[in-house]
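Worksheet: the structure to be examined is printed underneath.
The values are calculated or read from the model by the stated rules, or taken from the named source; none is laboratory data. Just so it is clear, the model here is predicted, and its values are computed rather than measured. As a convention, Cβ positions derive from the backbone with ideal geometry for all residues, glycine included, and neighbour counts pool all protein chains shown.
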């Protein structure tokens, strides 16, 4: 199991599979984040434009409602009594002739002097006193939108609107103020009951002058102070005059897409806002869709790519298995089958060519290890191996082994005269004559510079001394004929030592006996043979 896991871990197919999976996962991640970022940015722009449109509509509606009520209040101020004592009951009668409900001021009306003294009042406005800013605006002959206040037992938010009362000469001498419920239709009734998204979305009407939430889709925020600076950066910018869209985190820690639009007649601004979690919910659904399909794509890719990879790599797996079995000795060395003419097939074909070349080189190395590189005859190593085999056979069959040790006579003068190249040609010619003289079953070996050995293989009967002497004589006669080398005739002789051995002789002993016999032949005059005086047991 451990070996199989190691093989799987180091498999090229496994690495290719992992590489493919990594590429697919990288593509999925890049696609996921790139698509998510694009959709988020694009959808944020669309939602921001929608919020801006809503804020513009709400701001225009509020502005129209306040302008209309201010104009109606101005019309009432024009119809107010002139040059009368402010303490005269005529003011009360006049207000009675103009019921606040009929005039659109459900909270009531109050007429005051420029010093703040009340002349007459109706409804909830009886408890209202104009502030210094309203009086200052009246003295300048300008209408004034006051700070919303809670009024009555229900503490309903009311908006005070003030206009100056002018004398016949056009000089302001009084102030007429009407209270309008913020929830009135045509003012903020629809806005207060509107909601964008969940409970955290909707509209806000903010007065920067009063740092107050004038109105809100969330009732608990109405007439509450705005958050301090630093809590909401986009709110801080809006309070400083910025109008437009943006993404921010509100005081409750909810990220929102907001749009700010001014209400011209009041100095207020309207905020339309929606949580990004709702506005960009489509992005989340698309992300889930992309991830779900990415998982499916990875699974499909793994199966399809794995099958294709196995089909493509199957010849390579088969070839690797055969090569492994060859290295373990389970199969003989042979070329591998080429299934297809693709890259794998080219690789296997190249391996086959390399194997053929290695086999040829191995055969050549084997030949060089056992043959003389100059003459091609067996060398000392191969001779020793064959001599051991012959002695083993002699021990089993109780036969003799005949060994002839040859040393050329007069080779040095020829080599000196012709040079090394000429001497090598002579040695090759000598080897050829020796091979032609003996039988194919006999072994002719070169064991030194001009030294050769002939191992006579036994025929049906063991070789005798007479047979060995006859072979030696043939060899002497064969080498007595002149050699033609480099257009020159040269003569050589040979001294031969003969040794006979049996199963009790060793290869080394037999070689020494033949060597000693050869030197005795040289001492006797060369060009002849001598027999070892050590007879086989």
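When the stretch 89-138 is filtered for residues that are in a loop (DSSP other than H, G, I, E, B) and under 20 Å from residue 72 (Cβ atoms), the ones remaining, listed by number, are 98, 99, 104, 105, 106, 107, 122, 128, 130.
Within the stretch 1-23, being modelled with pLDDT of 75 or more and surrounded by 13 or more Cβ atoms within 10 Å (Cβ to Cβ) holds for one residue alone: 21. Of all residues in the stretch 150-167, those satisfying the criterion of being surrounded by fewer than 18 Cβ atoms within 10 Å (Cβ to Cβ) and either touching a strand residue (DSSP E or B) at 6+ places or on another chain (Cβ under 7 Å) or within 20 Å of residue 185 (Cα to Cα) (or both) are 150, 152, 154, 155, 156, 167.
Against the definition (assigned by TED's automatic domain parsing to the domain that holds residue 428, in a helix (DSSP H, G or I), farther than 23 Å from residue 390 by Cα and touching a strand residue (DSSP E or B) at 6+ places or on another chain (Cβ under 6 Å)), how does residue 517 come out, yes or no? No. Exactly one residue out of 313, 239, 260 is out of contact with any strand residue (DSSP E or B) (no Cβ under 7 Å at 6 or more places or on another chain) and either surrounded by fewer than 12 Cβ atoms within 10 Å (Cβ to Cβ) or within 19 Å of residue 52 (Cβ to Cβ) (or both): that is 239. Restricted to the stretch 478-512, and to residues there that are in a helix (DSSP H, G or I) and in contact (Cβ under 8 Å) with a residue 40 or more places away in the chain, the residue that is surrounded by the fewest Cβ atoms within 10 Å (Cβ to Cβ) is 480. For residue 89, the conditions (1) touching a strand residue (DSSP E or B) at 6+ places or on another chain (Cβ under 9 Å); (2) outside the structural domain of residue 163 (by TED's automatic domain parsing) all hold with the exception of (2). Every listed requirement among (1) out of contact with any helix residue (DSSP H, G or I) (no Cβ under 7 Å at 6 or more places or on another chain); (2) in contact (Cβ under 8 Å) with a residue 60 or more places away in the chain is met by residue 164 save one, (1). Among the residues of the stretch 204-238, the ones that are in a helix (DSSP H, G or I) and over 49 Å from the mean Cα position of the chain (by Cα) come to 3 in all.
Scanning the stretch 139-149 for residues that are assigned to a loop (DSSP other than H, G, I, E, B) and either surrounded by 14 or more Cβ atoms within 10 Å (Cβ to Cβ) or touching a residue at least 60 places away in the same chain (Cβ under 8 Å) (or both) turns up 143, 146, 147, 148.
Got at least one residue in the stretch 396-411 being surrounded by fewer than 17 Cβ atoms within 10 Å (Cβ to Cβ), modelled with pLDDT of 85 or more and more than 60 Å from the chain's Cα centre (by Cα)? Yes. In the set 298, 270, 283, 263, only one residue is within 22 Å of residue 42 (Cα to Cα) and either touching a residue at least 60 places away in the same chain (Cβ under 8 Å) or in contact with a helix residue (DSSP H, G or I) (Cβ under 6 Å, 6 or more places away or on another chain) (or both); that residue is 283. In the stretch 353-379, what residues are touching a residue at least 24 places away in the same chain (Cβ under 8 Å) and either crowded, with 17+ Cβ neighbours inside 10 Å or part of a loop (DSSP other than H, G, I, E, B) (or both)? Within the stretch 353-379, 372, 374, 375, 376, 377, 378, 379 qualify. Of all the numbered requirements in (1) assigned to a helix (DSSP H, G or I); (2) modelled with pLDDT of 80 or more, residue 28 misses one, and that requirement is (2). Among the residues of the stretch 420-433, none qualifies, meaning not one is assigned by TED's automatic domain parsing to the domain that holds residue 513, in a strand (DSSP E or B), without any contact (Cβ under 8 Å) to a residue 24 or more places away in the chain and on the phi < 0 side of the Ramachandran plot.
For the stretch 520-534, the tally of residues that are touching a strand residue (DSSP E or B) at 6+ places or on another chain (Cβ under 7 Å) and within 21 Å of residue 394 (Cα to Cα) stands at 2.
Looking only at the stretch 216-254, residues that are in contact (Cβ under 8 Å) with a residue 60 or more places away in the chain and closer than 19 Å to residue 62 by Cα come to 3 in all. Here the stretch 321-342 is the region considered, the condition is being surrounded by 15 or more Cβ atoms within 10 Å (Cβ to Cβ) and over 15 Å from residue 353 (Cβ atoms), and the residue that is farthest from the chain's Cα centre (by Cα) is 326.
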